[in-house]
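Notes follow once the structure below has been shown.
The values are calculated or read from the model by the stated rules, or taken from the named source; none is laboratory data. Fair warning: this is a prediction, and the values are worked out from it, not measured in the lab. Note: ideal-geometry Cβ built from the backbone for every residue, glycine included; neighbour counts use all protein chains shown. What goes into the accessible areas is simple: the full protein's heavy atoms, side chains included, and nothing from ligands, DNA or RNA. Shrake-Rupley method; radii C 1.70, N 1.55, O 1.52, S 1.80 Å.
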Amino acid sequence: MLVHPLGRALCIVVVSAFAGRGFAQDAAPPSEAVQTAQQAEQEKALSVMDEEARQHFKIGKSLYDAGRFVEAAAEFDEAYKKSGRPQLLYNLYVAHRDASNWGASVEALRGYLEKVPDAPDHINLKARLKSMEDAATRDAEQMRAQAEREREAEAAPQTRPETVRSVVPMIMMGVGGALLVGGGVTGFLTKGKTDDLDKTCNGNACPPGQDGNIDSAQTLAITTDVLLGAGLLTAGVGAVLFFTGALDEERQVPIANLSCGPTGCGATLTGRF
C-alpha cells in the first residue's frame, strides 16, 4: 500500500521496507496520530498543486495500486518536478523502493528528510535511510569488486590448449635406425670375412695364419647381432611412444587477436614468458 495518497490509511508506512535485503525495519507501525499527520501533510501538498501536477500524481497512485511501481515512480517524479512539493518525494521513495530501484529510493528518501525536517515519523525514517545507505554501500563495493574481476579476466591473455609432441620418441627411432644401419654394415663385413674363410678353409680345418681372420669374423658377427638387436628394440620403443603419445605434454598457448582497419589487417599475439 502506498503511503501518503489522499484519502487512504497509512498503516504500513514503515513496516516492510526492503524485506529480505537485510535493511532494518521500523520498531513499530506509525500511530494513528502519525498517520493523521501524514495524511494532512499530503492533502496540504495536493491543495497547492496545479492541475497538471495533480493529474500526474493521481495516475501515479493508480499505477502504484496496480503494482506497476516503475511507471508509478515516473509519474510521481513528474508531479514533483511540476509542483516542487517535497512531500511527493516520499511517494517517489516508496515507488522506487517497491520497484527494487534502491539507489533512486535512497535519493528520494534523503531528499524528503532534508526538505521536510519535521516529517511525520522522521526518527524511524532516518533510521531506515541509514540502513539503506549502508546496504547500498555494500552493494556498490560488491559491484566494484565484480567489475575488477571482469577487467582482470578481459586483460588476461586468451589461450588455447595445445599438445606438445615429445622429441624423445623420434630421437629413439633415429638412434634405432642408426643402429640397424650399423648392424647392416657389420653384417656385410661379416659375410665378406666368412666367404673368404670358406674359400681358404676346408670345413673346420684352416691353414696356419688364419686365426686373426677367424677372430675378426666372430667379432663382426657378435657386433652385428648386438647392433641389430639394440636397433630393433630402440626403434620399436620409440615408435610405441610416438604413436601412443605417452611422453607428450599439454600446454596453453596464446591466441592471436586478429583486427582489421582501413589500411589492412593485423594479428596481435600476447603471452607470458
Residue match in the stretch 146-167 (condition: in contact (Cβ under 8 Å) with a residue 12 or more places away in the chain, in contact with a Pro (Cβ under 6 Å, 6 or more places away or on another chain) and either open to solvent by 50 Å² or more (accessible area, probe 1.4 Å) or over 30 Å from Ala108 (Cβ atoms) (or both)): yes
Test result for Leu113, open to solvent by less than 90 Å² (accessible area, probe 1.4 Å) and at pLDDT 90 or above: yes
Residue in the stretch 83-93 that is open to solvent by 70 Å² or more (accessible area, probe 1.4 Å) and under 21 Å from Ala119 (Cβ atoms) present: no
Condition met for Met143 (modelled with pLDDT of 85 or more and hydrophobic (A, V, I, L, M, F, W, C)): no
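Conditions tested, residue by residue: (1) among the aliphatic types (A, V, I, L, M); (2) at pLDDT 80 or above; (3) open to solvent by 50 Å² or more (accessible area, probe 1.4 Å).
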site: Asn213; (1), (2), (3): no, no, yes
site: Gln218; (1), (2), (3): no, yes, yes
site: Ala221; (1), (2), (3): yes, yes, no
site: Val226; (1), (2), (3): yes, yes, yes
site: Gly231; (1), (2), (3): no, yes, no
site: Val240; (1), (2), (3): yes, yes, yes
site: Gly245; (1), (2), (3): no, no, no
site: Gln252; (1), (2), (3): no, no, yes
site: Ile255; (1), (2), (3): yes, no, yes
Residues satisfying the stated conditions in the stretch 168-200, i.e. charged (D, E, K, R) and without any contact (Cβ under 8 Å) to a residue 12 or more places away in the chain: Lys191, Asp195, Asp198, Lys199
Condition met for Gly209 (modelled with pLDDT of 80 or more, more than 30 Å from Arg110 (Cβ to Cβ) and not hydrophobic (A, V, I, L, M, F, W, C)): no
Helices (runs of 4 or more DSSP H) contained in the stretch 69-160 and holding at least 3 residues small (Gly, Ala, Ser): 69-83, 102-115, 122-155
Test: residue in the stretch 147-168 that is of a type outside the set (A, V, I, L, M) and modelled with pLDDT of 85 or more: no
